[in-house]
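Values in this text are rule-based calculations from the coordinates and carry no lab data. Worth saying up front: this structure is predicted, and the values here are computed from it rather than measured. Using ideal geometry, Cβ is built from the backbone for each residue, glycine included, and neighbour counts are taken over all protein chains shown.
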Amino acid sequence: MTLPSSWRRAALGGTVALACGVSAVAGSYAVVGDSTAFVATTIANATVTLAPAVLVTFAITVLGDLGSDIAYLSGLAATAAVLGTVAGGARLAVARRGRPTASPVAVGVAVAVVSVGLSGSLQSALGAAVGGALVAVAADLRETATASAAVDDSRRAVLSGATALAVGVVGVAGRRATPGGAAGSSIDGGAGSAPIPEDVAALLDEAESKSLSVDGLEPLVSDSFYRVDVANVDPDPAREDWSVRIHGAVAEETTVSFSEAEAMDHDHRLETLRCVGESLNGEKLDTALWTGVPLTAFLDEADPQGEYVMLRAADGFYEEFPVDALEDGFLAVGMNGRPLPRAHGAPARALIPGHWGEINVKWLTEIEILDEPATGYWEERGWHGTGPVETVAKLWVENRRPDGRIEVGGAAYAGTRGVERVEVSTDGGTTWVEAELSEPLPGDDVWRQWVHRYEAEGRHEVVVRAVDGTGTVQPREEAEAYPSGPSGWVSKTVDPRAL
Ligand SMILES: Nc1nc2c(c(=O)[nH]1)N[C@H]1C(S)=C(S)[C@@H](COP(=O)(O)O)O[C@H]1N2
Ligand SMILES: [Mo]
């Protein structure tokens, strides 16, 4: 069966256009990498901002990292479709004027214009233009053989697709190979291997020596720290350009630049963060050693007059809470002895002890003091995550010891109330014993580890619960993360024969 030639033309045009779009996205990536100047950033971030709240909640609580990957991929696809449509339009317009040889130029110009609009970056747009134009060149190559039109069309389509693929591979591989490229810049904030200051090293050593040695249990300073980002592509503000503005209901509006913050006396604080959107036994709970400046250092000068505060960030994120919580707040510029990594809010983020992770605003740009309460990003989507964290004991590992005993362990966290003890039941909650706890770390807002070792033959149910520093037992009522954080006691069936 042969298709009418007009259909074939249209199919070819569509394929070439889409290939132009894919190649344009790859071309931009090759030049600017995983930065906010990447041409897909605007649309990728808009997919999250504009998505219905239920979808975002589902993506975060159920899909987790997969959810953000899907959101990012849809952003890439949508950008390729937009740029592809632009490229296809340019090719059609040129063909109508009977000058098909001008098509790569037309595609390049059209893609460049739209890409500048999307990314605000000439470099990024140039990369996109070259990517798109290369496919147009491949598609417009004159045939040498006297093949039939049908064969020729499919050859052009394959050639366009292959060119897009090649640009994609070169773009991604090229970025990965460059030291300043996508992979490198997000990991150490460009710090390289500068020596860790002595007082920081001492605290890290202390955390290491107090960590329980339990196979599979993360140490007290987390090896890998969880991430929650509303943007698909994180901001990457340069330190020289960064400042935080304290304004609104203040006696004196104040702006603090990075070098001013840097010049102030620095503290080091061990502090734990926990996301309200995690599952009951989830792992969005981590601890780091943060370096920075107490927020009072600049708040005193501004002299807040209102009862509430809104923190705003470079990614468009914003969270509101009672101003009192700022008193113990911290502006962190370092993490575990290194400059704060991009993923965790470089160059500076807020840390508000004892509160759910969400008000620990990353890439902080504004502290706005308010007279009236307002609604933050997550609260607009139905969450209640601006207050103090709930108490939780996690059951993260089950091991068989060399001596044959069973070993269960995890972490427990109760914010600034502290963890007084962790209780374990190995009979489904009938009887309880106290678990062994890690020695407390310095700091008012840090987790503890727990471990319990015992003899068991048959399958049994292990249940854990923490008791906070006020003597209050972790609530037993079960609840999903949405809207106020997960609740209940973690329990697991342990089968000694399977360990
Ligand atoms: N600017 C900004 N700050 C943010 C977020 C964000 O998406 N953007 N996520 C918040 C949430 S929901 C949590 S739980 C913590 C997570 O911090 P982390 O990514 O460093 O672990 O950051 C908070 N601060
Ligand atoms: Mo969170």
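A few comments on the model shown:
- When the chain is described by a simple charge dipole with +1 on each Lys and Arg Cβ and -1 on each Asp and Glu Cβ, the residue from Ser259, Leu217, Thr47 located farthest towards its positive end is Thr47.
- Taking packing as the residue-averaged number of other Cβ atoms within 10 angstrom, the listed peptides 215-226, 116-127 run from highest to lowest as 116-127, 215-226.
- Size of charge dipole - the chain - debye, nearest 20, with Cβ of Lys, Arg +1 and Asp, Glu -1, no other charges: 3860
- Against the chain, whose longest principal axis comes from its Cα atoms, helix 5-32 is set at around 50 degrees.
- Principal-axis tilt of helix 149-177 within the chain, Cα atoms, nearest 10 degrees: 40
- Principal-axis tilt of helix 122-140 within the chain, Cα atoms, nearest 10 degrees: 40
- Of the residues Leu126, His268, Gly248, the one whose Cα sits farthest toward the positive end of the charge dipole of the chain, with +1 on the Cβ of Lys and Arg and -1 on the Cβ of Asp and Glu, is Leu126.
- Sequence-separation-based contact order of the chain, relative, with Cα cut under 8 Å and 6+ spacing, percent: 13
- Each label point was placed 7 Å from the Cα along the Cα-to-Cβ direction; for Ser6 and Glu477 their separation is 6.7 nm.
- Check: the stretch 186-381 dipole with +1 on Lys, Arg Cβ and -1 on Asp, Glu Cβ, in debye: 620
- Note, ³J(HN,Hα) from phi for the stretch 40-53, Karplus 6.51, -1.76, 1.60, rounded to Hz, x at Gly and Pro: 8, 4, 4, 6, 4, 6, 5, 4, 7, 4, 8, 5, x, 3
- Trypsin sites (Lys or Arg not before Pro) within the stretch 264-355: DSSP coil, no more than 12 neighbouring Cβ in 10 Å: none
- Inter-centroid distance (Cα atoms) of the stretch 210-274 relative to the stretch 14-93, Å: 29
- Length added when fully stretched, Asp371-Glu439, from 0.36 nm per residue minus Cα-Cα: 20.2 nm
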